[in-house]
Amino acid sequence: MIQIEQLTKVFGHGDARSLVLDRLDLSIEAGEIYAVVGPSGAGKTTLAQCVSLLERPTSGSVVVNGDTLSQLTEKQLRIARRRIGTIFQSDGLFGRRTAESNVALPLEYLGVTPTESRKRVAELLDRVGLADKAKHYPHQLSGGQRQRIGIARALALRPTVLLSDEATSGLDPQATNSIVELLKELRDDLDLAILFITHEMDTVLQVADCVARLDHGHIVESGRLIDLLSDPASDLGRALQPRRRHQDASAAASLWHVTYGETPVPADWLTRLAGELGTDVSLLGASIENLRGSTVGHATIAVSTVDPDRIAAALSGLGLHARLERDLPQRSLEDVA
Ligand SMILES: Nc1ncnc2c1ncn2[C@@H]1O[C@H](COP(=O)(O)OP(=O)(O)OP(=O)(O)O)[C@@H](O)[C@H]1O
Ligand SMILES: [Mg+2]
């Protein structure tokens, strides 16, 4: 498990001094995935680096599996670090090594015999579902597969703690899903304590048992995912709500400007459109004008994202002229701010 107490990290001195983590407390149990979210520059990566002691905390303590890392000698620290696996956004694989040889790297450093190493690597590749890709080079693998190889490598020395810094960022939803499912399996089967850093709220919803929001080096809100989601007063809970996407036009959706005039348009065109697309359509504004005897209608609508070509075709089928105004952003942390 990971226990972080009053962790403070200051970079630089004098005028260049910047307080990046400010007396942070966080505790991650074995068998728990703890997500940390927060805007860019909040201190998430610094937190992960302090936990692996790639950065020395300025003050406070990080206790991993009962060892207070800052009190260890260099030698003890090297041993303690083996129990901490790390995976990053860039998978960090060596391009000239095959998948299996990448996974074998930590074992080689440790002087494990080739026979033992081969056995362990085969187990690990099997564990991440890529036994058939052992001889592939990183460029012959998809982003999600490379990330899984990175996870296999992180597991090589049987860690009890896994640090994941934006490991799913930039992956498509399917690849993200496969990584998330793998991490949950590892949590359950190996009883890992996992610190999962991300800026993707949807991923938090899929993976986390607990979640904390970091801002300017402070944890501004934290708790069990389920408690946050059911607390109407929680900003973080609201930002994480899956339903929000459909209820709120500012969630992932596209904005369309619609006009009608010459062609008769059914009065219930909005309902019909929603039915035809099988998605939510919100009317954000509308007006009807009478121009030289003919009626011209304008409307602005938000359609929960489906294929724009399908939306355009459905609108045109109803006798409406439509112009895609813009794609509205995915839900992001800016929603919380
Ligand atoms: N080695 C360093 N020296 C000086 N300042 C640093 C150092 N590393 C990080 N910082 C500063 O600490 C702050 C937090 O950086 P950090 O990388 O932890 O943010 P983050 O939350 O991971 O952001 P992102 O979401 O963009 O990855 C930033 O203002 C950054 O400039
Ligand atoms: Mg970062």
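Once you list every other residue whose beta carbon is under 10 Å from the beta carbon of GLN206, what net charge do they have if Lys and Arg are +1 and Asp and Glu are -1?
Around GLN206, the charge tally is -2.
For the stretch 50-65, just list the computed ³J(HN,Hα) in residue order, Karplus coefficients 6.51, -1.76 and 1.60, θ = phi - 60°, integers in Hz, with x standing in for Gly and Pro.
6, 5, 8, 6, 6, 10, 7, x, 6, 7, x, 9, 10, 10, 10, 6
Apply the a/c threshold of 1.5 to the C-alpha gyration tensor of the stretch 131-275 and tell me whether it is rounded, prolate or oblate.
Oblate, because a/c is 1.5 or more while a/b does not exceed b/c.
What are the ³J(HN,Hα) values, in whole Hz, obtained from phi via the Karplus relation 6.51 cos²θ - 1.76 cosθ + 1.60 with θ = phi - 60°, for each residue of the stretch 186-196 in sequence order, with x given for Gly and Pro?
Result, rounded to whole Hz: 5, 4, 6, 6, 9, 6, 6, 8, 10, 9, 10.
On a 0 to 90° scale, report how tilted helix 114-127 is relative to the longest principal axis of the chain, with both axes built from alpha carbons and the result rounded to the nearest 10.
20 degrees
So for the chain, averaging the separation of alpha carbon pairs under 8 Å that are six or more residues apart and normalising by length, what relative contact order in percent results?
19 percent
Ignoring ligands, DNA and RNA, what accessible area per residue does the chain give at 1.4 Å, in Å²?
50 Å²
Measure out, as a whole number of angstrom, how far apart the alpha-carbon centroids of the stretch 206-238 and the stretch 300-324 sit.
For the stretch 206-238 versus the stretch 300-324, the Cα centre distance is 36 Å.
Mind giving me the FRET efficiency for GLU74 and LEU105? R0 is 22 Å, r the Cβ-Cβ distance, nearest 0.05 is fine.
It comes out at approximately 0.55.
Tell me, what is the FRET efficiency for LEU284 and GLU181 to the nearest 0.05, using R0 = 30 angstrom and their Cβ-Cβ distance as r?
0.20
Can you compute 3J(HN,Hα) from phi for each residue in the stretch 174-182, using the Karplus curve 6.51 cos²θ - 1.76 cosθ + 1.60 with θ = phi - 60°, rounded to whole Hz and x for Gly and Pro?
5, 5, 4, 4, 5, 5, 4, 5, 4
Once amide H atoms are placed 1.01 Å from N in the peptide plane, what residues at a sequence separation of 5 or more from ALA35, or on another chain, have their amide H within under 5 Å of its amide H?
PHE196, ASP209, CYS210, VAL211, ALA212
May I ask you to give the average projected area over all directions of the convex hull of the Cα atoms of the chain, in nm² rounded to one decimal?
Orientation-averaged projected area of the Cα hull: 22.9 nm².
Counting helices only, and only those DSSP H runs with n ≥ 4, report the 222 nm mean residue ellipticity of the chain as the sum of -39,500 (n - 2.57) divided by its residues, in deg cm²/dmol to the nearest 500.
Value at 222 nm, helices only, nearest 500: -9500 deg cm²/dmol.
Between GLU325 and ARG158, what is the label-to-label distance in nm when each label sits 7 Å out along the Cα-to-Cβ direction?
So the label points at GLU325 and ARG158 sit 6.0 nm apart.
The values are calculated or read from the model by the stated rules, or taken from the named source; none is laboratory data. Note that the structure is predicted; figures quoted are calculated from it, not measured. Heads up, the Cβs are rebuilt from the backbone with ideal geometry, glycines too, and the neighbour counts pull from every protein chain shown. When the accessible area is computed, the model is the full protein with side chains, heavy atoms only, and any ligands, DNA or RNA have been set aside. Shrake-Rupley method; radii C 1.70, N 1.55, O 1.52, S 1.80 Å.
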